[in-house]
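A short worksheet on the structure shown next.
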Amino acid sequence: MNNLKLKTSDLFLLIVDVQERLARVMERRDQVTDNIKVLIRLAKLMDFPIILTQQYTKGLGPTVEPIASDLEGVEHVEKIHFSCCGEEGFTKLIDGLGRKSVLLTGMEAHICVLQTGLDLLEAGYIVHVPWDAVCSRADGNRDRALNLMERAGAVITSTESAAFQVLEKAGTPEFKEISSLLK
């Protein structure tokens, strides 16, 4: 049961490879980028860390706008491995946060997000994946990846559910701002 609950003090947001050349071929790119923007705003309001990765930036381009603008000052982790955990220094970076729960988002769900999620689970992290903040070129690939991660122990959630779980109560300025973004 404890794995199902998001606790701000133990949480970080991981945004995997939301890059120009990948995003161009994603049918659900607008939905996914909009939802990632909500999660970025949530992380900033509730003060939990954000980690951004880019897969082979030279070939796939930088992080898409408007996400890149929302992450001004957040350095990306350059990677060539599909799993973020295969990248030298990544595990040390996240271990250094002292947090064990991750909101995992990004592209493509059945490649980099899946492999990262499985490696994070294997390393003892609690992985929450908002289904509407990940995508693949084909929904079938996304759906199979979500199923595999859930079978491995990940919590499949939605952006709205995760946001309200983190917020915990209505009536706060943070609640008002996030709920206005979700309309």
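The values are calculated or read from the model by the stated rules, or taken from the named source; none is laboratory data. On a predicted model such as this, the values are computed, not experimentally measured, just so you know. Note that each Cβ is placed from the backbone with ideal geometry, even for glycine, and that neighbours are counted across all protein chains shown.
Couple of notes before you dig in:
- Residue check, residue 62 modelled with pLDDT under 95, within 18 Å of residue 135 (Cα to Cα) and touching a helix residue (DSSP H, G or I) at 6+ places or on another chain (Cβ under 7 Å): no
- Residue pairs meeting the criteria (Cβ under 9 Å; at least 6 apart or on separate chains; first within 11 Å of residue 111 (Cβ to Cβ), in the stretch 140-152; second among the small types (Gly, Ala, Ser) and part of a helix (DSSP H, G or I)): 141/109; 142/109; 145/109; 145/117
- Residue check for residue 115: in contact with a Phe, Trp or Tyr (Cβ under 7 Å, 6 or more places away or on another chain) and at pLDDT 95 or above: yes
- Residue 152, sole failed condition from (1) on the phi > 0 side of the Ramachandran plot; (2) in contact with a Gly (Cβ under 8 Å, 6 or more places away or on another chain): (1)
- Residue within the stretch 117-133 that is within 16 Å of residue 38 (Cβ to Cβ), acidic (Asp, Glu) and free of Cβ contacts under 8 Å to residues at least 60 places away in the same chain present: no
- Among all residues of the stretch 36-58, there is none that is assigned to a strand (DSSP E or B), among the basic types (Lys, Arg), in contact (Cβ under 8 Å) with a residue 24 or more places away in the chain and surrounded by 18 or more Cβ atoms within 10 Å (Cβ to Cβ).
- Top-ranked residue in the stretch 113-133 [being out of contact with any Gly (no Cβ under 6 Å at 6 or more places or on another chain) and of a type in the set (A, V, I, L, M, F, W, C); ranked as surrounded by the most Cβ atoms within 10 Å (Cβ to Cβ)]: 133
- Test result for residue 53, farther than 21 Å from residue 25 by Cα and either over 13 Å from the mean Cα position of the chain (by Cα) or among the β-branched types (Val, Ile, Thr) (or both): no
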